[in-house]
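Enquirer: Below are the structure tokens for one structure; questions will follow.
The values are calculated or read from the model by the stated rules, or taken from the named source; none is laboratory data. Everything quoted here is computed from the prediction, not taken from an experiment. Because the Cβ atoms are built from the backbone with ideal geometry, glycine has one as well, and the counts that use them run over all protein chains shown.
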Amino acid sequence: MTYSSNEFRVPPTMKAWVLGGPDELSLLEKPVPEPEPAEVLLRIDAIAVCATDLEIIRHGTPALIEGELPFHKGFTPGHEYMGTVVKLGPGVNEFVIGDRVAVEVHAGCGRCSRCREGMYTSCLNYGFHSRGHRANGFTTDGGFAEYAINHVNTMVHIPDHVSDEEATLIVTAGTAMYGLDVMGGLIAGESVVVTGPGPIGLMGVGVAKSLGATPVILTGTRERRLQIGRRLGADHIVNVTEEDPVEAIARITGGRGVQYVLECSGAPAALDQSVRMVKRGGRICLAAFPHEKVLVDLAHIVRNNIYVFGIRGEGKSATHRAATLIAQKRFDAQLIHTHTFPLTEVPTAIRYARERIEDAIKVVVKMRCQ
Ligand SMILES: [Zn+2]
Ligand SMILES: [Zn+2]
């Protein structure tokens, strides 16, 4: 049976990459899912590969299906996508068929106390779709497929002048935005260090600069990425292979330190260095995580009234605000997009991202490559 919506014929089955065991992805035929109330069916147009996808495909976590690892469950990963609304669930009037949208990952469950507070990235029912939780590409099917279901709360309209590829980067910018939100929100005139020029760090530079932060300082090891950071708005870049980052921040700020550090490197020494980069009462947001336990001078944090925040993903509708900045062309998110592959070449796209082939930063899979 083939049913049609206003303008789009939706087939009964679709191509989707499905996770078997660790590092086993297969391109299979799956039924096209049906949107329920407050949901729509999206035709995926483009999706970016995220470092977390690489974690999930190899180790399973942080994906969780009904409380278990996502292996051999017919699970489709991928969460940084955009697409076109092709079918509405019952009662949906927030979108119309044909709308172009970017998505955020977490819908949450909508019924636990954290979701009620807008902290749906910390949903207490995380991983239990049976209790209404949805985080596409983590706990429910994601976007390495031709179609996906999204809750209306997780979609944001994209204007025509934003390309498909650029729209896939909105969720990454949303994560950086959420980090700044959590630390204190409006940052005009305040100083920010972003540590680590990966995708979130580079988007963090663009978002911080757009919100009026000054100066914006980016630290890292890869010169080419630091130069991209400069084009995204960094006032200063510090190559930590050439200069001690703590000394560099002291030099740039005349010994005062900065108000905010957005830690995006995940380096084991990063938090201990960050506490020496902020001024008294400064704030540090951890947006990346080391794979080992780290040593930190806690006494320095206590004596200096330093605040440390952890974030997961892109809560409090930060993706919507990031989308606005990108739609207004406040910074050029496309600078971090380096490679494009078709849906059939998802494993190649993943290999480029994992091995950073040709210095890949954001690798995008485009469904309809010309
Ligand atoms: Zn991601
Ligand atoms: Zn919840």
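Enquirer: Restrict the check to segment 330-348 and report whether at least one residue is basic (Lys, Arg), more than 16 Å from ligand 2 (Cβ to nearest atom) and more than 25 Å from Gly204 (Cα to Cα).
Expert: Checked segment 330-348: no residue is basic (Lys, Arg), more than 16 Å from ligand 2 (Cβ to nearest atom) and more than 25 Å from Gly204 (Cα to Cα).
Enquirer: Sticking with this structure for a sec: Please go through (1) within 16 Å of ligand 1 (Cβ to nearest atom); (2) modelled with pLDDT of 95 or more for Thr121 and return the number of the only condition it doesn't satisfy.
Expert: Failed condition: (2).
Enquirer: So if I check each of Asn153, Asn136, which one is buried (at least 24 other Cβ atoms within 10 Å of the Cβ), under 15 Å from Val101 (Cβ atoms) and either within 16 Å of ligand 2 (Cβ to nearest atom) or at pLDDT below 95 (or both)?
Expert: Going through Asn153, Asn136 in turn, the sole match is Asn136.
Enquirer: Which residue is nearest to the chain's Cα centre (by Cα), if the candidates are limited to segment 81-95 and must be in a loop (DSSP other than H, G, I, E, B) and of a type outside the set (Asp, Glu)?
Expert: Only one residue tops the list, namely Phe95.
Enquirer: For segment 306-322, state whether one or more residues are without any contact (Cβ under 8 Å) to a residue 40 or more places away in the chain, on the phi > 0 side of the Ramachandran plot and outside any helix (DSSP H, G or I).
Expert: For segment 306-322, residues without any contact (Cβ under 8 Å) to a residue 40 or more places away in the chain, on the phi > 0 side of the Ramachandran plot and outside any helix (DSSP H, G or I): absent.
Enquirer: Let me ask another. Look through Gly127, Gly78, Gly98 and report the one residue that is within 16 Å of ligand 2 (Cβ to nearest atom), part of a loop (DSSP other than H, G, I, E, B) and in contact (Cβ under 8 Å) with a residue 24 or more places away in the chain.
Expert: Going through Gly127, Gly78, Gly98 in turn, the sole match is Gly127.
Enquirer: Looking at Gly255, Gly266, Gly282 in this structure, which one is among the small types (Gly, Ala, Ser) and in a strand (DSSP E or B)?
Expert: Criteria check complete, one pass: Gly282.
Enquirer: What are the pairs with Cβ atoms under 8 angstrom where one residue, in segment 221-240, is loosely packed, with under 15 Cβ neighbours inside 10 Å and the other, located anywhere, is of a type in the set (Asp, Glu) and not in a loop (DSSP other than H, G, I, E, B)? Sequence gap at least six, or different chains.
Expert: Matching pairs, first to second residue: Arg224/Asp359.
Enquirer: A further question on this structure: Do we have Val294 as in a strand (DSSP E or B) and in contact with a helix residue (DSSP H, G or I) (Cβ under 7 Å, 6 or more places away or on another chain) here?
Expert: No, not satisfied.
Enquirer: Also, quick follow-up: Return the residue satisfying two criteria in turn: it lies in segment 30-68 and is under 21 Å from the mean Cα position of the chain (by Cα), without any contact (Cβ under 8 Å) to a residue 60 or more places away in the chain and not in a helix (DSSP H, G or I), and of such residues it is nearest to ligand 1 (Cβ to nearest atom).
Expert: Thr61
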